[in-house]
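Accompanying notes for the structure given below.
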Amino acid sequence: KKAQISSIIQVSIVILLFCILTYRSLVTSLIILVPLALGALITFATMGFGQIGLFIYTVPVASLGMGLGVDYALYITSRLREELEKANLNLYQAYQQALTTSGKSVFYTALSIAIGVSILLVSPLRFQAILGGMVAVVIIVNMLGALFLLPILLRWQFK
């Protein structure tokens, strides 16, 4: 448990630093961490629901999910910022354009990865089946967080 918490904190710090460097905003960077933290929390809830313990092969899944999930948040955030820089777009139009373009990419990318790792669910090796299911869950949760929660949170930042 201590190693898992330490791993999540370390990944969060690295993501925060890179987001600060990218966006030059602590608030935006912290907002990006919210859906990722929620994804990690839901991953642990899924593990509890499925009675999956913390083993050597389950420990890195939440950290891996955060690392993969941050891509989706970066795509949406960057596209939204680009749209807001256009002089004639209001916040609603910028959101609509950003989610219409990058949102589709995020959705299809996450879906293809989740389907790909879901194939492992039919593996006769328990390790692969658990890993495939958990990675699929964390990818889908992070995608949903980037598409639905992140734009709502970023609204406070970009008003």
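The values are calculated or read from the model by the stated rules, or taken from the named source; none is laboratory data. What you see is a predicted model, and the numbers here were worked out from it, not measured in a lab. No Cβ is skipped: glycine too gets one built from the backbone with ideal geometry, and neighbour counts run over all protein chains shown. Side chains included, ligands, DNA and RNA excluded: accessible areas come from the protein's heavy atoms. Shrake-Rupley method; radii C 1.70, N 1.55, O 1.52, S 1.80 Å.
On the beta carbon distance between Leu54 and Phe18, with R0 = 25 Å, the FRET formula returns roughly 0.40. Quick query: amide H of Thr58 versus all other amide H atoms, modeled in the peptide plane; which residues come in under 5 Å with a sequence gap of 5 or more or a different chain? When sequence neighbours closer than 5 places are left aside, there are no close amide H contacts.
Give me the dipole magnitude in Debye, nearest 20, for the stretch 45-141 about the Cα centre, with unit charges on the beta carbon: positive for Lys and Arg, negative for Asp and Glu. Could the numbers behind the result be given before it?
Details: 5 positive and 4 negative charges, 27 e Å.
Roughly 140 debye for the stretch 45-141.
For the chain, with all protein chains in place and a probe radius of 1.4 Å, 70% of the accessible heavy-atom surface sits on carbon or sulfur.
Taking only protein heavy atoms and a 1.4 Å probe, what accessible area per residue, in Å², does the stretch 112-159 have with all protein chains in place? Don't skip to the end; give the middle numbers.
Numbers: 2600 Å² over 48 residues.
Value for the stretch 112-159: 54 Å² per residue.
Packing, taken as the mean count of other beta carbons within 10 Å per residue, orders the peptides 119-132, 89-102 from highest to lowest as 89-102, 119-132.
Please list the helices of the chain that count as membrane-span-like by this rule: a mean Kyte-Doolittle hydropathy of at least -1.0 together with Cα atoms stretching 24 Å or more along the helix axis, each helix being a complete DSSP H run.
On the way: long enough: 2-23 (31 Å, 1.75); 26-49 (34 Å, 2.18); 59-85 (41 Å, 0.40); 91-118 (37 Å, 0.51); 126-144 (27 Å, 1.88).
Result, helices passing both filters: 2-23, 26-49, 59-85, 91-118, 126-144.
The shape of the stretch 44-106 comes out prolate: with a ≥ b ≥ c from the C-alpha gyration tensor, a/c is at least 1.5 and a/b beats b/c.
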